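Read through the structure below, which is laid out as structure tokens, and then see the notes.
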Amino acid sequence: MQQEIESLFDNKPDQYTEAHFGLFARFKDALNAGEIRSAEPDPASPTGWRVNAWVKKGILLGFRLGAIVDMSIDTQRQPLFDKATYPVKQFTIASGVRIVPGGSSIRDGCYVGKGVTCMPPMYINVGAYVGDGTMVDSHALIGSCAQIGQRCHVSAAAQIGGVLEPVGAMPVIIEDDVLVGGNTGVYEGTIVKKRAVLGTGVILNRSTPVYDIVRGEVHSATDDQPLVIPEEAVVVAGSRAISRGKGKEWGLSLYTPVIVKYRDSKTDAKVQLEDLLR
């Protein structure tokens, strides 16, 4: 399948045939089943993950193939016009996913594991992977190709950024048992390792370093590596004083994330309270 997808992506035909649509349908079925992913664990990689660029090519191919069609249940009351290749994802009771009514949307071509809870309104975009037992809370966004582990809590109004292009770019990775606090934003290929806790309002991206006051380290992205938050780190929103120029004269500070501790029994007790909602 990889060779066929890459060939069709790189060599656009004058007209797409039934065989091309059949190839994309098989590709999307594999995405929905979690058999292929835009990024996957790789112990040989410095970050523990690798990008599958060909999967991103397949997702983009779907946008080329699809024409805009009317998918509305009631065009007057709630119009829905989108690519025919990406309708809303279909679920049955056997899927084992709890979708509470109230305006949530999950696009076809993503994996949503058993025991996932979706609180309204939330959105999961194409190419995303959401592991078993995870909660996606109200007003949360899981962007294109973002990878969310098992038993995570993506709290209310959190944004997990997505990326389709360039195809070689790492999507955001949230590993198992991570708590993503309310109003947080994780962007630009950041990797959050297992059991980390992101406090309310934390923003993680390639531009802002993270200061680890426990271990005396500074974590930041490089030209060829993303920002990586260590396992079990507890990250809160902080600030650092401007040390020169007008900023210093005026007593200004800049936002920065700060690792203030690593998970312990008290942290775990607070996180376990989230299980009552599942």
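The values are calculated or read from the model by the stated rules, or taken from the named source; none is laboratory data. Since this is a predicted model, take the numbers as computed values, not measurements. Heads up, the Cβs are rebuilt from the backbone with ideal geometry, glycines too, and the neighbour counts pull from every protein chain shown.
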What's the number of the condition MET135 fails, among (1) under 20 Å from PHE27 (Cα atoms); (2) surrounded by 21 or more Cβ atoms within 10 Å (Cβ to Cβ); (3) in contact (Cβ under 8 Å) with a residue 60 or more places away in the chain; (4) among the aliphatic types (A, V, I, L, M)?
(1)
Residues being closer than 19 Å to PRO79 by Cα and either part of a strand (DSSP E or B) or at pLDDT below 95 (or both) - total across segment 105-123
4
Filter segment 61-80 down to the residues that are under 24 Å from the mean Cα position of the chain (by Cα) and either exposed (fewer than 14 other Cβ atoms within 10 Å of the Cβ) or part of a strand (DSSP E or B) (or both) and list them by number.
PHE63
Find the residue count for segment 89-103, including only residues that are more than 15 Å from GLY113 (Cβ to Cβ) and part of a loop (DSSP other than H, G, I, E, B).
5
All but one of (1) closer than 25 Å to TYR262 by Cβ; (2) out of contact with any Gly (no Cβ under 8 Å at 6 or more places or on another chain) hold for ILE174; state the number of the condition that does not hold.
(2)
Quick check on segment 16-35. Is at least one of its residues closer than 23 Å to ALA128 by Cβ, under 16 Å from the mean Cα position of the chain (by Cα) and of a type in the set (Gly, Ala, Ser)?
yes
All positions within segment 256-269 that are loosely packed, with under 13 Cβ neighbours inside 10 Å and within 24 Å of THR190 (Cα to Cα):
ASP264
When both residues are 6+ apart or on different chains and their Cβ atoms are under 7 Å apart, which pairs have a first residue that lies in segment 216-231 and is under 13 Å from TYR187 (Cα atoms) and free of Cβ contacts under 8 Å to residues at least 60 places away in the same chain, and a second that is among the small types (Gly, Ala, Ser) and part of a loop (DSSP other than H, G, I, E, B)?
LEU227/SER220; LEU227/ALA221; ILE229/ALA196
